[in-house]
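Each remark here refers to the structure printed beneath this line.
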Amino acid sequence: METNTYKILDGKAISDQIKKEIAEEVAAMVAAGKKRPHLAAVLVGHDGGSETYVASKVKACEQVGFKSSLLRFESDVTEKELLDCVEKLNNDEDVDGFIVQLPLPKHIDEQKVIEAVDPAKDVDGFHPINVGRMSIGLPCFVSATPQGIVELLKRYEIPTQGKHCVVLGRSNIVGKPISLLLLQKGYPGDCTVTVCHSRTPNIKEICLQADIIIAALGSPEFVKADMVKKGAVIVDVGTTRVPDASRKSGFRLTGDVKFDEVAPLCSYITPVPGGVGPMTIVSLMLNTLQAGKK
């Protein structure tokens, strides 16, 4: 099998570049006597993944010059206490945007909490009003991972017009929104989009037709070499913790793509970690900047 040289879609490098741009804009805002953007995060319980994500979001706020606050609750918090907290943040003039880190404990209705957030402060882009506005192409907060993917394609000038994009996964957080964004007119967009999921019978055949594959199933190393055509662009959204005794942490992050065997076939591919992850966090910063500018 002949291989070609693939290029890495380096989310870490691009996110560092965007953070610099945001930091410059924040400095200019503050110099002009405007308020420093303020992002608040609500964290329930002590889920390892959530702790890591929230810590990196708080760190990113420091890097770009935002004010940030972290509100912590134990996992036995009642739904009412959490909804009261959301209400308080909605009404806090100083907070421009806030997120409630998911997943929440089983006894709390996630959807109810999402819908309680003021859409104008919903920098995660999960509120049905923001999702609805996005689906018809109106200005809104777009959820961070899809927005990060679109930004990555744009910064690497990946052609999308008329390309067949196959999205693996139909979650409300990634699969559905990214398929809608890439369908829209303009760039990056104008794709022909196919969404596959656990009930799709002929995933392999569909993937072989794809110019762009966005893998967001949460199924480690699902995409293998026999599913990818030569020259395809691969965006791997998967981050599953797989036990690995050789690592100090005891696990490694594994994507939805079998990188070593798929990469040689691609024109571009995202690594895991260091691809979509950093772009997700920087997109949250972009949304917060937007919220801060009202």
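The values are calculated or read from the model by the stated rules, or taken from the named source; none is laboratory data. Here the structure is a predicted model, which means the values were calculated and not measured. As a convention, Cβ positions derive from the backbone with ideal geometry for all residues, glycine included, and neighbour counts pool all protein chains shown. Ligands, DNA and RNA are excluded from the accessible area calculation, which covers all protein heavy atoms including side chains. Shrake-Rupley method; radii C 1.70, N 1.55, O 1.52, S 1.80 Å.
Numbers for the structure displayed
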{"item": "Of residues in the stretch 117-149 being of a type in the set (Val, Ile, Thr), assigned to a helix (DSSP H, G or I) and in contact with a Ser or Thr (Cβ under 9 Å, 6 or more places away or on another chain), the one surrounded by the most Cβ atoms within 10 Å (Cβ to Cβ)", "result": "149"}
{"item": "Subset tally (residues that are open to solvent by 70 Å² or more (accessible area, probe 1.4 Å) and either closer than 30 Å to residue 40 by Cβ or in a loop (DSSP other than H, G, I, E, B) (or both)) for the stretch 259-294", "result": "4"}
{"item": "Members of the stretch 53-86 found to be in contact with a strand residue (DSSP E or B) (Cβ under 8 Å, 6 or more places away or on another chain) and either aliphatic (A, V, I, L, M) or open to solvent by less than 20 Å² (accessible area, probe 1.4 Å) (or both), listed by number", "result": "54, 58, 61, 66, 70, 71, 77, 82, 85, 86"}
{"item": "Any strands (runs of 3 or more DSSP E) falling wholly within the stretch 186-251 and containing at least 3 residues that are exposed (fewer than 13 other Cβ atoms within 10 Å of the Cβ)", "result": "none"}
{"item": "Inter-residue pairs, beta-carbon under 9 Å, first in contact (Cβ under 8 Å) with a residue 12 or more places away in the chain and in the stretch 267-291, second part of a helix (DSSP H, G or I) and acidic (Asp, Glu), 6+ apart", "result": "278/16; 279/151; 282/16; 282/151; 283/151; 286/151; 289/25"}
{"item": "Search result, residues across the stretch 87-112 that are open to solvent by 40 Å² or more (accessible area, probe 1.4 Å) and of a type in the set (S, T, N, Q)", "result": "91, 111"}
{"item": "Cβ-Cβ under 9 Å pairs, at least 6 apart or on other chains, the stretch 244-266 side of a type in the set (Lys, Arg), far side open to solvent by 70 Å² or more (accessible area, probe 1.4 Å) and modelled with pLDDT of 95 or more", "result": "258/224"}
